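To start, the structure under review is shown below, and the notes come after it.
Each value in this text was obtained by applying a stated rule to the coordinates, not by laboratory testing. Computed from a prediction, not measured in an experiment: that's the story for all the values here. Cβ placement follows ideal geometry from the backbone for every residue including glycine, while neighbour counts extend to all protein chains displayed.
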Amino acid sequence: MMKKLIAFITLLLLSSILLPVQAEEKDTWEDEMIYFIMIDRFHNGNTSNDFEVDMNDPRAFHGGDIQGIIDKLDYIKDMGFTAIWLTPIVNNESKGYHGYWTEDFYEVEEHFGTLDEFKTLVQEAHDREIKIILDLVVNHTGYQHPWLQESEKQDWFHEDLPITNWDNQENVENGRLAGLPDLAQENPETRKYLLDMAKWWIEETDIDGYRLDTVKHVPKDFWEEFSKEVKSVKEDFFLIGEVWHNDPTYVADYAETGIDSFVDYPFFNEATRIFSKSDQEIGKYMEVVWKRNQNLYDNPYLLGNFIDNHDNKRFARLAIEKEQDPVTQLKQALTYMYTAPGIPIVYYGTEIAMDGGEDPDNRRMMEFEDHELVSYIASLSDIRKNYPALWKGDLEVLLDQNGMTIVKRTYEGDSLIIAINHTTSDQTVTFTHEQLKADLQLRPILENTTIIDDSDGYEISIPKETSEIYLVEEATKQTNAQLWIIVAAVVFVVGSITIYLFKKRKQN
């Protein structure tokens with residue numbers, strides 16, 4: 001009888017430990033956190049492919065390669081990232097260090113490594129539960145692509161005309177962007193080649209998604225077929241498109257093509273404007289964006305939020321130009337990006353407050369250092385991973401006053417409060433017991449700021465230009481640490497009883 005009782009208690013303990021893990025089902029992409037790498041400018045892991053490297057020329061190859069990324073996978077994982085977006089890896093013409101001047105769609109750029117090395121990267125990333133998103137260009141080729149010299153492929157390209165009217169969609173789709181030869185996707189042969197190529201990379205390397213370059217320069221009917229074709233190869237394959245436009249409605253129109261997500265330029269425009277300088281209103285914008293995206297998209301949680309990328313001045317430069325401390329402003333912006341609805345995308349170098357002006361200055365070689373932003377991003381990632389309210393919860397602005405903003409994110413009864421003090425003075429806010437309900441309390445989980453609990457409610461103090469995230473929980477709710485102490489105590493008691501009974505039986 002005693003053996004059965006002990007077995008039952010043991011099974012009960014195991015169930016209590018395992019059930020919470022099994023109960024939380026992982027969504028496909030809403031909870032991802034993406035690290036964006038320009039391959040040539042990240043890390044040089046193999047010096048044998050360093051021909052034509054010139055560190056003094058910002059438009060030349062600098063030596064970053066696939067092996068360099070493999071070497072730094074643990075660094076990326078330790079910051080909490082669950083996916084990596086890579087600039088194009090296909091073979092490029094001379095000085096195509098960035099990957100956007102394709103010379104051969106089926107070959108890996110020799111400066112970056114080999115196809116086998118890339119397959120190893122994908123496998124090593126998957127072993128660490130990190131997904132790989134590959135940048136794909138189907139709008140144009142490099143300036144000197146061999147097809148341009150082949151008479152039978154002249155109709156694979158549009159006429160050599162520049163884009164002169166950005167409000168004319170036909171001109172935007174058929175004109176040459178920056179003079180690059182513009183592919184004619186309406187040509188059945190060209191279309192088939194591009195579709196077959198896109199499917200080949202998935203089948204050959206097991207990548208998890210494409211970041212689609214220059215989406216608005218390619219007809220929508222092509223993207224409709226493209227989306228169906230690539231997902232016929234891998235059902236959960238992720239497509240995030242670049243529609244570089246300031247009008248949210250224009251961007252959202254491309255969601256009808258089957259593209260899952262978009263890098264959110266409207267978000268970027270406002271976030272960089274607001275956070276590159278203190279004393280800017282935040283909450284009103286957050287609420288407007290959230291409601292707008294809810295109306296525009298079937299799943300607004302899939303939009304890619306970013307404050308830095310390879311085509312614009314770095315955020316640190318924007319802060320410096322406004323005579324602000326870039327690290328302070330980056331912490332604020334990153335907190336906002338990680339707690340707003342959408343997938344956070346961090347451009348390499350942001351974690352060290354890398355400076356950089358217009359292209360190509362915003363593509364400097366990465367420097368690895370023990371920077372405070374590295375651990376700050378890791379903390380934000382850990383919070384976002386553990387609290388689904390941040391990646392699929394509703395949003396409510398509780399306070400928005402002269403740069404002091406308090407936002408509530410709620411999902412299935414669980415709530416987090418995000419307090420962003422974007423002012424140049426310390427702020428104190430009081431939550432009454434009526435606001436939180438008598439059985440609820442706030443627990444800081446980011447910076448461990450001060451909370452005073454008195455008869456009136458909870459008074460929180462946020463130092464100037466800092467942020468805090470609070471968990472709203474039951475006043476008597478046990479923390480994970482407390483639960484483990486209880487489990488350990490029960491196991492100890494059960495073990496002691498077992499030993500006692502064993503000794504007694506032996507004596508008898």
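Some values worked out for this structure:
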{"item": "Computed P(r) (all Cα pairs; the stretch 151-294; 10 Å bins; percent)", "result": "10, 33, 32, 18, 6, 1, 0"}
{"item": "Under 13 Å, Cβ to Cβ, from residue 197 - net charge with Lys/Arg +1 and Asp/Glu -1", "result": "-4"}
{"item": "Residue 150-residue 367 FRET efficiency (beta carbon distance; Förster radius 30 Å; 0.05 resolution)", "result": "0.10"}
{"item": "Projected area averaged over orientations for the stretch 297-416, convex hull of C-alpha atoms, nm²", "result": "8.6 nm²"}
{"item": "Mean Cβ count within 10 Å, highest first, over the residues of peptides 150-163, 102-115", "result": "102-115, 150-163"}
{"item": "Spacing of the two label points (7 Å from each Cα toward its C-beta) at residue 187 and residue 246, in nm", "result": "3.6 nm"}
{"item": "The chain, dipole about Cα centre (Lys/Arg Cβ +1, Asp/Glu Cβ -1), debye to the nearest 20", "result": "2920 debye"}
{"item": "Convex hull volume per residue for the stretch 222-305, taking Cα atoms only, in Å³", "result": "90 Å³"}
{"item": "Antiparallel %, DSSP beta bridges [both residues in the stretch 24-159], to 5", "result": "25 percent"}
{"item": "Simple label model, 7 Å out from Cα along Cβ direction - residue 206 to residue 93, nm", "result": "3.6 nm"}
{"item": "The stretch 33-140: equivalent-ellipsoid semi-axes (sqrt of 5 x gyration tensor eigenvalues, Cα, Å)", "result": "22, 15, 12"}
{"item": "Calculated from backbone phi, Karplus (6.51, -1.76, 1.60) coupling profile of the stretch 233-246 in Hz, x at Gly/Pro", "result": "7, 9, 4, 8, 5, 9, 10, 10, x, 9, 10, 7, 7, 7"}
{"item": "The chain: antiparallel DSSP beta bridges as a percent of all, rounded to 5", "result": "60 percent"}
{"item": "Mean projection area, nm², convex hull over Cα of the chain", "result": "30.5 nm²"}
{"item": "Amide H within-cut-off set for residue 104, under 5 Å, with H built and near neighbours excluded", "result": "91"}
{"item": "Table column - 3J(HN,Hα) (Hz), the stretch 369-378, Karplus curve with 6.51, -1.76, 1.60, x for Gly and Pro", "result": "8, 7, 8, 4, 5, 4, 6, 5, 5, 4"}
{"item": "Antiparallel DSSP beta bridges within the stretch 142-262, as percent of all bridges there, nearest 5", "result": "10 percent"}
{"item": "FRET efficiency for residue 178 and residue 432, using Cβ-Cβ distance with R0 set to 35 Å, rounded to 0.05", "result": "0.05"}
{"item": "Local electrostatic count at residue 352 - Lys and Arg +1, Asp and Glu -1, tallied over other residues with Cβ under 14 Å", "result": "-1"}
{"item": "Other-chain or far-sequence residues with amide H under 5 Å of residue 282's (modelled H)", "result": "403"}
{"item": "From phi via Karplus (6.51, -1.76, 1.60), per-residue ³J(HN,Hα) for the stretch 287-301 in Hz, x at Gly/Pro", "result": "5, 4, 4, 4, 5, 4, 5, 4, 6, 8, 10, 5, 9, x, 5"}
